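Below is one structure, written out as C-alpha cells; comments come after it.
The values are calculated or read from the model by the stated rules, or taken from the named source; none is laboratory data. Since the structure is predicted, the reported quantities are computational estimates derived from the model, not experimental observations. Using ideal geometry, Cβ is built from the backbone for each residue, glycine included, and neighbour counts are taken over all protein chains shown.
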Amino acid sequence: MSKGLIALLDDVAGLAKVAAASLDDVAAHAGRASAKAAGVVIDDAAVTPRYVVGFAAERELPIVGRIAAGSVRNKLLYLLPAALALSALAPWLITPLLMLGGGFLCYEGAEKVYEALWPHRAHHHEAALDTAGAGDSPRSLEDEKVRGAIRTDLILSAEIMAITLATMPGVSFWTQAAVLAAVGLGITAVVYGGVALIVKADDAGLALAVNRRPVSSLFAPAGAPPSRADRLLRPLTQGLGRGLVRGMPVFLKGLGVVGTAAMIWVGGGIILHGLEEYGVTAPAHAVHALAEAAAHALPALAGAVEWAVGAAASGLLGLVVGAALIPLVEHAAAPALRRARRLGGRGTPRAP
C-alpha cells in the first residue's frame, strides 16, 4: 500500500512539473507577444477615450465598462476561435482580413480629419451614412458611440491577435489558445483600466481642489477641524487638483488627435505589410529607405527618427486610402446597405 501511495505521489509530482512547465511556456509566449503588440496597445488606449468625451460624468465609467465588455467578447468569443481556425485551416485568409480591417481604420481616421477640416461637408457625409435611423436621445447616442468603439476595438484586437499568433510558430493548439486568451485579457485590463483613470482624472482633480482637509479627511470624522498637516499640504493638493481640472480637457483633446493619428498610422501599416505579403514590396521598401536616410541624417537620434519617419509614411498611406474610401462608402456602400435593409424589411410582418 505504501509503495502504491509513493508511486501515486510521484505521478502527481510529475504532472505538477509538466503543468508548471506549460504555465511557464504560456507566460513566456504571452510576454513576448505583449511586447510585440505594445504599439497597437498604445493606439488602442489613445483611441478609446474619444468615445467617452461629451457625456455626463456619471456615464463615463459605465460607457468604459460597456466598451471593455465588448472588447472581451471580441477577443474571446470571436477573434480567438477565428484566429485558431484560420491558423489551422485557412492561414491564407489572415492577411486579406487584416487588410480589410486596416482599410476600416484608415477610413475611420480620415473621416475624423475630414470632419475637422470641412465640418459642413462631413455633416452631409454622416447624414448620408445614417442607414440605421439612430435617434437623438442620450441613450441612442451613447449606444452609437459604444458600437463605434467596439467596432474599432475589433480591428485593433485582430491585429493584436495576429501579432500574437506570429510569435508562436510550431506551438501546440492548446498553448496557442492559452496564450491568446492571456494576452487578450491582460491587454484589455491594461487598456481599459488606463482609460478609466484618464476619463475620471478631472473628477479627482475637482475633489482635490475643493478639499480643505486633504490628510484628516482620510482618517478624522467629517466635522473635525483642519489639522496642521492639512494646512501644510493644502496648497499642494489644491494646486494639483486645479491643474488636473484645467489640464484634462486639453489632454483629452490632444489624446483624441493622437487616437485619430494612431488609427491612420496603424491602418496604413497593416495595408503596407499586407501588400508586402502579396509581393508588392515597392511601397514598403520606399518607406524603409526613407526612414533609414532620415536616421543617417540625424545619427544622434537615429532610432527615434527612423521610427517617426516610418510611422509618418504609413500614416500618409493610410490617409490616402481613407480619403479614397470616404466617397466610396458614401455613394456605394451606404446606398447598398439601405437597399438591403429595405429588402429585408419587406418580408418582415408589421407589428400590430
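Within the range 287-304, residues that are under 23 Å from Ile270 (Cβ atoms) and free of Cβ contacts under 8 Å to residues at least 40 places away in the same chain have Cβ atoms under 8 Å from residues that are surrounded by 12 or more Cβ atoms within 10 Å (Cβ to Cβ) and of a type in the set (Phe, Trp, Tyr) in these pairs: Ala291/Trp307, counting only partners at least 6 apart in sequence or on another chain.
I'd like to know if the range 222-231 contains one or more residues that are of a type outside the set (A, V, I, L, M, F, W, C), within 30 Å of Asn74 (Cβ to Cβ) and touching a helix residue (DSSP H, G or I) at 6+ places or on another chain (Cβ under 9 Å).
In the first step, residues of the range 222-231 are kept if they are of a type outside the set (A, V, I, L, M, F, W, C); the result is 223, 225-228, 230-231.
Narrowing the set further to residues that are within 30 Å of Asn74 (Cβ to Cβ) leaves none.
No, that holds for no residue.
Quick check on the range 229-248: of everything there that is of a type in the set (D, E, K, R) and at pLDDT 80 or above, which residue is farthest from the chain's Cα centre (by Cα)?
At the first step, the residues of the range 229-248 found to be of a type in the set (D, E, K, R) are 230-231, 234, 242, 246.
Subset that is at pLDDT 80 or above: 231, 234, 242, 246.
On the way: Arg231: 43, Arg234: 38, Arg242: 30, Arg246: 26 Å.
Across the range 229-248, the extreme among qualifying residues is Arg231.
Out of the helices (runs of 4 or more DSSP H) lying entirely within the range 65-128, which hold 2 or more residues that are over 30 Å from Val280 (Cα atoms) and at pLDDT below 85?
Working: elements: 80-89, 94-117, 119-128.
Qualifying helices (runs of 4 or more DSSP H): 119-128.
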